[in-house]
Amino acid sequence: MELLKKLDESKKFICSKTELLPEVGVILGSGLSSVANKVESAVRIPFQTVPNFSKSTVEGHSGEIVIGSMFAKPVFIMAGRIHFYEGHSLKDVTYPIRLMKHLGIKTVIITAAVGAVNKEYQPGDLMLITDHINLMGNNPLIGHEGVLQGTRFPDMSEVYTPVIIEKAEKVALSMGITLKKGVYLATTGPSYETPAEIRMMRTLGADVVGMSTVPEAIVASNCGMKVLGIAYISNMASGILKQPLSHKEVIETGKKVEIKLSELLIKIIKEI
């Protein structure tokens, strides 16, 4: 199969750079790439040097794989991600997840910057994703390659693993960090949503909205991986406040929360 051939090529390249066998995979959202600086004995690999990998072009995403250890646990960190709105296919967007599976990784933590649809949320809040709504108009499992690491019709009732969510809550509680829990709604972007669309999303039951995460979570779940989703509120969604939205605000909020989120991620990785 073409996909398996590509994954073998990527795995061979990664294994030529490090002998570590990662146990946990992490995808870092906008403005959070510096979290990777916490990795010990880090090996840094730019996306574009990995066979069959796509290059990230978005500000706030350094675009490199960082492999090393946290609490003596081998980790595979994506410092940045590949987005659908950059013009990549969802197969390209989710290829890193498939590579993680091919490397033997069993748990993936997906982080993302989001806009708050729920008016009770505030910029800087952290939210555990308990479920999602896919309004991207596409699914990463479409095509024959979708069944190579999973099943044709996977169950999506528990994409985000309850036992991992519970562990994350306990870690946050021990650190005095308050975590929201809610539903992530995904759109394609790159334009932000209109006020009317945000009202619709609130009616549908969404708490936050973003332009990533869901394709990766779908593939990870289908691959049999445990999934933890952590979103940080970078801004209030369109129409809630009387101010325009900007990616600059996303990056600035990311810088404000990265220390807290970094410490939380490190301790969660230790527990799982």
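The values are calculated or read from the model by the stated rules, or taken from the named source; none is laboratory data. In this text, all values refer to a predicted model and were calculated from it rather than measured experimentally. Using ideal geometry, Cβ is built from the backbone for each residue, glycine included, and neighbour counts are taken over all protein chains shown.
Filtering the range 186-208 to residues that are within 19 Å of E158 (Cα to Cα) and surrounded by 22 or more Cβ atoms within 10 Å (Cβ to Cβ) leaves A186, A206, D207, V208.
Residues that are closer than 21 Å to T130 by Cα and either modelled with pLDDT of 95 or more or not small (G, A, S) (or both): does the range 246-260 have at least one?
Among the residues of the range 246-260, at least one is closer than 21 Å to T130 by Cα and either modelled with pLDDT of 95 or more or not small (G, A, S) (or both), which makes the answer yes.
On the basis of being farther than 25 Å from K256 by Cβ, crowded, with 17+ Cβ neighbours inside 10 Å and over 17 Å from the mean Cα position of the chain (by Cα), does L103 make the cut? Yes; evaluated as a whole, the condition is true for this residue.
The single condition among (1) under 25 Å from E86 (Cα atoms); (2) of a type in the set (D, E); (3) surrounded by 19 or more Cβ atoms within 10 Å (Cβ to Cβ) that D125 does not satisfy is (1). Only residues that are in contact with a helix residue (DSSP H, G or I) (Cβ under 9 Å, 6 or more places away or on another chain) and either of a type in the set (A, V, I, L, M) or modelled with pLDDT under 75 (or both) were counted in the range 225-237, giving 6. Close Cβ contacts (under 9 Å, 6 or more residues apart or on different chains) running from residues in the range 104-126 that are more than 20 Å from I240 (Cα to Cα) to residues that are among the aromatic types (F, W, Y) and at pLDDT below 95 comprise T111/Y232; A112/Y232. Those strands (runs of 3 or more DSSP E) of the range 69-174 in which 1 or more residues are among the hydroxyl-bearing types (S, T, Y) occupy 107-116, 126-134. For the range 151-166, the criterion of being at pLDDT 95 or above and among the small types (G, A, S) is met by at least one residue. If you filter the range 150-179 down to residues that are in contact with a strand residue (DSSP E or B) (Cβ under 9 Å, 6 or more places away or on another chain) and crowded, with 19+ Cβ neighbours inside 10 Å, you find that the one that is nearest to L90 (Cα to Cα) is V159.
Among the candidates K55, K5, the residue that is within 29 Å of A186 (Cα to Cα), among the charged types (D, E, K, R), outside any strand (DSSP E or B) and at pLDDT below 95 is uniquely K55. For the range 79-93, filtered to residues that are in contact with a Ser or Thr (Cβ under 9 Å, 6 or more places away or on another chain) and of a type in the set (A, V, I, L, M, F, W, C), the residue that is surrounded by the most Cβ atoms within 10 Å (Cβ to Cβ) is I82.
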